[in-house]
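Undergrad: Handing you this structure, nothing more for now.
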Amino acid sequence: MKIGLTCYPTSGGSGIVAAELGRALARRGHEVHFICYAEPFRYPGDSDHVIYHRVTIPQYPLYEYPSYGMAVACWMIDVARACALDLFHVHYAYPHAVSGFLARQILGPSAPRLVTTLHGTDVTLAGQDAAFTALIRFGIEQCDGVTAVSRFLEVETRERLGVARAIEVIPNFINPDVFSPARRDPARRRLWAREDERLVVHVSNYRPVKRVLDTVEAFARLAAEVPARLLLAGTGPDLPAAVRRAAERGVGDRVTVLGEARAIQETIAQADLLMLTSEREGFGLVALEAMACGVPVVATRCGGVEEVVADGEDGFLVPVGDVAGLAARAAEILSDPGRLCRMGGAGRARAVAQFHADRVVPRYEAHYERVLRA
């Protein structure tokens, strides 16, 4: 198949999943065309079956707010014509599904089929601003196929948007050769923590929904009981506030800001625990990546994460905002080497058994084939 793939090319979960899906599809012999305004964060540029088409947005003094969605549609049209695409697969209903619909209308009967994957923010945007509800619903309903990364998100889509059409749940996935306990490296780990200290990692884009201040507060309480250090990976608007809060709580010298890391598996694998404190997650990809590395997870019950982490088996789940609970559960794991090992092993086993790319990517291929036959 020739597949046009559009996503936000950032370090958020949707962009990462789209890039990894493109990589996996290319390895399986498909021709993948990324149609984005920048190379995706984990762009598989080493593949002969992957081509990048940069979306440019026209700049003109009259256009105070240039239309990104319209620009994407224009590029989808050009790439479809030049490369004889079979299918568009867009990530995020808003605005990409609407862009895809416009492209198909202009291309006419020969247009590629259109599939949209819902990741979360595209659905919750409707809850934040009702003005977008009709447009997002329209974009979803005009697709030939729709997938969601979790059962939670499928239900949210129906309840928030009143969508009645079929939505197939296809979870996010990992390559267990890339995210693996084998990447643990004592020398690398010593860059961030001594041998007698536990290393806690938080990875996010530091938007308010990630509640990173809860991470810092929970860590401050944990560090009072267990010798530990906190590694903050990624970047975003709330990162400076997190650093200030760490200093205010007296643990500033125990927190390291790593910044953006493309090979995040090399960081996660050094950790003893991943802490995820989000208010809402469509899936929670970083939790799965940690589990694949044999790292237990302490997270909030925030939607899709509950379909990834098995509470009490490979980590713990607590209510959103329960920093005392986060700290207590983290201390339970980190102060008991036996439990730490068992939970890490259980997480690795679950990640490989249920979320291996070789199990999930064929479900996307099957979805494409059904759409193309319809």
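Undergrad: Are any residues in segment 343-374 farther than 29 Å from LEU317 by Cβ and not in a helix (DSSP H, G or I), and if so, which ones?
TA: ALA374
Undergrad: So in segment 1-41, with the set limited to residues that are among the hydroxyl-bearing types (Ser, Thr, Tyr) and surrounded by fewer than 23 Cβ atoms within 10 Å (Cβ to Cβ), which one is nearest to LYS210 (Cα to Cα)?
TA: Among those residues, the one meeting the criterion is SER11.
Undergrad: I'd like the full set of residues that are part of a helix (DSSP H, G or I) and either hydrophobic (A, V, I, L, M, F, W, C) or surrounded by fewer than 16 Cβ atoms within 10 Å (Cβ to Cβ) (or both), limited to segment 320-331.
TA: Answer for segment 320-331, where residues must be part of a helix (DSSP H, G or I) and either hydrophobic (A, V, I, L, M, F, W, C) or surrounded by fewer than 16 Cβ atoms within 10 Å (Cβ to Cβ) (or both): VAL323, ALA324, LEU326, ALA327, ALA328, ALA330, ALA331.
Undergrad: With segment 41-141 as the region, which helices (runs of 4 or more DSSP H) entirely inside it contain at least 1 residues that are more than 25 Å from the chain's Cα centre (by Cα) and modelled with pLDDT of 85 or more?
TA: Result: 68-83, 98-107, 133-141.
Undergrad: Which of the residues belonging to segment 67-92 are crowded, with 16+ Cβ neighbours inside 10 Å and either in contact with a Cys (Cβ under 8 Å, 6 or more places away or on another chain) or basic (Lys, Arg) (or both)?
TA: VAL90, HIS91, TYR92
Undergrad: Let me ask something else about it. Output the qualifying pairs, or none if there are none: Cβ atoms under 7 angstrom, residues six or more apart or on different chains, first residue in segment 257-281 and within 15 Å of ALA218 (Cβ to Cβ), second residue assigned to a strand (DSSP E or B) and of a type in the set (D, E, K, R).
TA: These pairs meet every condition: ASP272/ARG198; LEU273/ARG198.
Undergrad: Here is a further query. Kindly indicate the residue of segment 341-374 that is farther than 22 Å from ARG198 by Cβ, over 23 Å from the mean Cα position of the chain (by Cα) and not acidic (Asp, Glu) and also surrounded by the most Cβ atoms within 10 Å (Cβ to Cβ) among those meeting that condition.
TA: Ranking the qualifying residues of segment 341-374, first place goes to VAL371.
Undergrad: Considering only residues that are surrounded by fewer than 16 Cβ atoms within 10 Å (Cβ to Cβ), under 18 Å from HIS96 (Cβ atoms) and among the small types (Gly, Ala, Ser), which ones fall in segment 123-181?
TA: ALA134
Undergrad: Taking segment 187-238 as the search range and keeping residues that are within 18 Å of PRO337 (Cα to Cα) and under 23 Å from the mean Cα position of the chain (by Cα), which one is surrounded by the fewest Cβ atoms within 10 Å (Cβ to Cβ)?
TA: LEU199
Undergrad: For segment 239-264, give me each residue that is crowded, with 20+ Cβ neighbours inside 10 Å and either over 20 Å from LYS210 (Cα atoms) or at pLDDT 95 or above (or both).
TA: Passing the criteria: ALA242, ARG245, ALA246, VAL251, VAL255.
Undergrad: So, of the residues in segment 104-119 that are under 25 Å from VAL149 (Cα atoms) and of a type outside the set (A, V, I, L, M), which turns out to be surrounded by the fewest Cβ atoms within 10 Å (Cβ to Cβ)?
TA: Taking the candidates together, the pick is ARG113.
Undergrad: Return the residues of segment 152-172 that are at pLDDT 95 or above and among the small types (Gly, Ala, Ser); say none if nothing qualifies.
TA: Once the filter is applied, which keeps residues that are at pLDDT 95 or above and among the small types (Gly, Ala, Ser), segment 152-172 yields only ALA166.
The values are calculated or read from the model by the stated rules, or taken from the named source; none is laboratory data. No experiment lies behind these values; they were computed from the predicted model shown. We place every Cβ from the backbone using ideal geometry, glycine too, and count neighbours over all the protein chains shown.
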